[in-house]
4 protein chains.
Amino acid sequence: MRKRPRQARSKQMVADLIDATARCIVANGLDGTTTPRIAELAGVSVGSLYQYFEDKEALIDALVADRAAAIARGLRQLPVDTAGNLRDMVSGAIGYGFALLRAGDGLYVELIKNWHRMPTDKVADVLQQHFLELARVWFLRHYREYPIENLQVRIFIIVNSTLFTMVRLIADDHPLIPQKEVAEGLTDMIVQYLAVPS
Amino acid sequence: MRKRPRQARSKQMVADLIDATARCIVANGLDGTTTPRIAELAGVSVGSLYQYFEDKEALIDALVADRAAAIARGLRQLPVDTAGNLRDMVSGAIGYGFALLRAGDGLYVELIKNWHRMPTDKVADVLQQHFLELARVWFLRHYREYPIENLQVRIFIIVNSTLFTMVRLIADDHPLIPQKEVAEGLTDMIVQYLAVPS
Amino acid sequence: MRKRPRQARSKQMVADLIDATARCIVANGLDGTTTPRIAELAGVSVGSLYQYFEDKEALIDALVADRAAAIARGLRQLPVDTAGNLRDMVSGAIGYGFALLRAGDGLYVELIKNWHRMPTDKVADVLQQHFLELARVWFLRHYREYPIENLQVRIFIIVNSTLFTMVRLIADDHPLIPQKEVAEGLTDMIVQYLAVPS
Amino acid sequence: MRKRPRQARSKQMVADLIDATARCIVANGLDGTTTPRIAELAGVSVGSLYQYFEDKEALIDALVADRAAAIARGLRQLPVDTAGNLRDMVSGAIGYGFALLRAGDGLYVELIKNWHRMPTDKVADVLQQHFLELARVWFLRHYREYPIENLQVRIFIIVNSTLFTMVRLIADDHPLIPQKEVAEGLTDMIVQYLAVPS
DNA sequence: GATGAATGAGCTTTCATTCAT
DNA sequence: AATGAATGAAAGCTCATTCAT
């Protein structure tokens, strides 16, 4: 960001631009997202866009950071019963994940599809961190001597496996497999993988 | 293809163009792959490119089809001991997968990163078909009444999970986790997932 | 038009582009009229051209519409004595037509030559409408029971005959026949054709 | 023509190329007529095309010359009763003209539409010459002292008027006026114009 | 600060023509 | 003579970015 928006108006402008970027991606896809279109959707001039953001990439960066934070907030506020059953936790997380991806008119799906063109894969990082923490707490309660350092690898594998399997399913216009079965399959796989100490 | 390559020279040209496309993708990424650059790398004029391929997309299609066929051939020629141990089979497949992705200077990684812009996701399909067949044969030998229809879902999950976890790891310039650990983790996860009948 | 010209500068730009298009057609013919050439003649970049016009066709459309309107205006302001002699009216119209076609350095001739590639044949339509109206008024005054519905066919024949005969004459670099004789011939033909009720 | 085709095979090739050009224009319009397409339709290579014709223009020239000759032949073989009634002669000629234009799948219409891009307007010349001759004979029989030099102007006007009025009507996909009425109108106009000595 | 007109490099694609075979 | 692969200039058009107002 070129300039810290100290005044309310500036903050509003930044927020508007990020929001317009999201709407533009939803409407036109990432490839169809152009700076003139974003500016138009935000109701400001292209010039203003460049007043607040170094370039187009910075704007998308900001959008991703924004959504990553929002997701992190959402995850933190999710009531998690760390005393409960592992399968229920995993199943719940996967259900929440599908719901999240289906929401936002495909914004998240489009962003994850294009993760390699994104600033940093902040969303995946956020999810990785969150579930790592969650798993840590849960295992601390249930298996006192669970090898924690191993957990990081497992979470990396689980988060990426789940995320991209979900996206691949959703992105398929005529999927041969129903979402419910994939959700159950993923749940089975994850629970078994986590439950068996290496 | 616009013109069927009848003569030896034509066949060479088609092969050169596909090869140049591969090198261009490796060198410039899919977004940086332009018709002038491909033509230059192939050492021919842009016009020649369009003598053999309807458009840029057709050229990339041809590359993908070519590599998909090569991978399918490679997989078929892989010595597979269907009488053997499941874990060894899975571990071997994952090792082979990592080797394949590391080879070709990142061409496959770049193609899989951009799966949603590819002709059809031929590579993923090839892998899915192959492993589905493999698993079918193996389970027929070892668990006579394994629920086969469920296998399709499992293979979908496994192929996508593995593929994208691998790509995400390789695409990360400074991965915190060594490939060996991810390979072992994936193997664990898959073996357990496959071994337990639902 | 992509962008409505709100500011004076924009209006000037649109006018300049249309003017440059006219000059380009005059200088290079319709086939030699390209977007780079138009932009160069207008003294702006190609990009600017596309800020104001959807595509090349839209620009040519605008030029034709502009000139059609100008011609319509010119025709309306022509002092017409509907009480007067038919031959004088026709003769005057033909003289005016020749003068118009000779003016503009051949722009009109080039446009009419290419009528079938024009937006709609706006120029011919304009002329047809105008002369239809004129003829209607004149005949209403002079022959109370002239078969009006027949008039439409006659005007169609007359306008096209006259227009293309004139253009063919003017387009001929070394015509064997002087314009004056063709003008008189056309006048004779039209007057006789109109005067005799079917 | 680069080279006089002395041998039968060469003559055949030239004829084939001209025929292919005609078919190409009919199928793709003049703008869609490219040398590769012509060669393909003729069943020869582009190289051969350039062996017999200087360039694309020369080929189209040849086609026009060929058809002009054919039309001239057709006209000469038409039984004309120079002793007969003028209106019948004109009416017959116009009917013949419409039939000719409607025939050939639109080749003649396409050529006349693009007369200004044609070698020379050979077709119009042919028609002009023919009708001039015809008129001369007829008038010699009926009006001994008809001013012949005036006839040239009249024929010029009549041929162009008729030709382009017809083409404009045929080229209109949804003409408001039926062909029959235009044919009658043209006949009326021409007969009156010719009948009245200046 | 805000604007939006203006830019221009660069992309994809076409096609008349040539020339080695 | 015949072939057809190869050429490359040139077209239409896009869009991230700048800068005068």
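The values are calculated or read from the model by the stated rules, or taken from the named source; none is laboratory data. The shown structure was predicted, so the numbers you read here are calculated from the model rather than taken from an experiment. A quick note on method: Cβ atoms are made from the backbone with ideal geometry, for glycine too, and the neighbour counts reach across all protein chains shown. In case anyone asks, the SASA skips ligands and DNA or RNA and just uses the protein heavy atoms, side chains included. Shrake-Rupley method; radii C 1.70, N 1.55, O 1.52, S 1.80 Å.
With respect to A:Asn150, is the statement that it is surrounded by 20 or more Cβ atoms within 10 Å (Cβ to Cβ) and polar (S, T, N, Q) true? No, not satisfied. Picking from residues in the range A:171-187 that are among the charged types (D, E, K, R) and modelled with pLDDT under 95, the one that is farthest from A:Val159 (Cα to Cα) is A:Asp173.
Within the range C:44-80, the set of residues being among the β-branched types (Val, Ile, Thr), away from DNA strand F (no atom under 11 Å from the Cβ) and farther than 16 Å from C:Arg117 by Cα comprises C:Val44, C:Ile71, C:Val80. Among the residues of the range B:158-174, those that are free of Cβ contacts under 8 Å to residues at least 12 places away in the same chain and either more than 9 Å from every other protein chain (Cβ to nearest Cβ) or aliphatic (A, V, I, L, M) (or both) comprise B:Asp173, B:His174.
Taken together, the residues in the range A:32-57 that are buried (at least 16 other Cβ atoms within 10 Å of the Cβ) and away from DNA strand E (no atom under 14 Å from the Cβ) amount to 1. Within this structure, A:Ala135 fails the test of being assigned to a loop (DSSP other than H, G, I, E, B) and either open to solvent by less than 60 Å² (accessible area, probe 1.4 Å) or more than 14 Å from chain B (Cβ to nearest Cβ) (or both). The listed residues are C:Ala65, C:Ala72, C:Ala27, and the only one of them that is more than 16 Å from DNA strand E (Cβ to nearest atom) and open to solvent by 70 Å² or more (accessible area, probe 1.4 Å) turns out to be C:Ala27. Can we say A:Ile177 is outside any helix (DSSP H, G or I) and at the interface with another protein chain (Cβ under 8 Å from one of its Cβ atoms)? In short, yes. Would you be able to say whether some residue in the range B:133-143 is under 15 Å from the mean Cα position of the chain (by Cα) and at pLDDT 85 or above? There is no residue in the range B:133-143 that is under 15 Å from the mean Cα position of the chain (by Cα) and at pLDDT 85 or above. Would you call A:Gly32 within 30 Å of A:Asp173 (Cβ to Cβ), away from DNA strand F (no atom under 16 Å from the Cβ) and within 14 Å of another protein chain (Cβ to nearest Cβ)? In short, no.
Screening D:Val196 on (1) buried (at least 21 other Cβ atoms within 10 Å of the Cβ); (2) within 12 Å of chain C (Cβ to nearest Cβ); (3) more than 23 Å from C:Ala171 (Cβ to Cβ) shows it passes everything except condition (1).
Within the bounds of the range C:97-107, is there any residue that is within 17 Å of the chain's Cα centre (by Cα), under 21 Å from C:Arg37 (Cα atoms) and open to solvent by 50 Å² or more (accessible area, probe 1.4 Å)? Yes - at least one qualifying residue is present in the range C:97-107. Scanning the range A:81-120 for residues that are aliphatic (A, V, I, L, M) and within 27 Å of B:Trp115 (Cα to Cα) yields A:Ala93, A:Ile94, A:Ala99, A:Leu100, A:Leu101, A:Ala103, A:Leu107, A:Val109, A:Leu111, A:Ile112, A:Met118. Quick one: would you say D:Arg87 is more than 16 Å from DNA strand E (Cβ to nearest atom), open to solvent by 60 Å² or more (accessible area, probe 1.4 Å) and within 14 Å of another protein chain (Cβ to nearest Cβ)? Yes: the conditions hold for D:Arg87. A single member of B:Val191, B:Val123 is within 14 Å of chain A (Cβ to nearest Cβ), open to solvent by less than 50 Å² (accessible area, probe 1.4 Å), assigned to a helix (DSSP H, G or I) and at pLDDT 90 or above, and it is B:Val191. Of all residues in the range D:46-73, none that is within 14 Å of chain B (Cβ to nearest Cβ) and closer than 18 Å to D:Val26 by Cα has its Cβ atom under 6 Å from the Cβ atom of a residue that is open to solvent by less than 30 Å² (accessible area, probe 1.4 Å) and more than 11 Å from DNA strand E (Cβ to nearest atom), 6 or more apart or on another chain.
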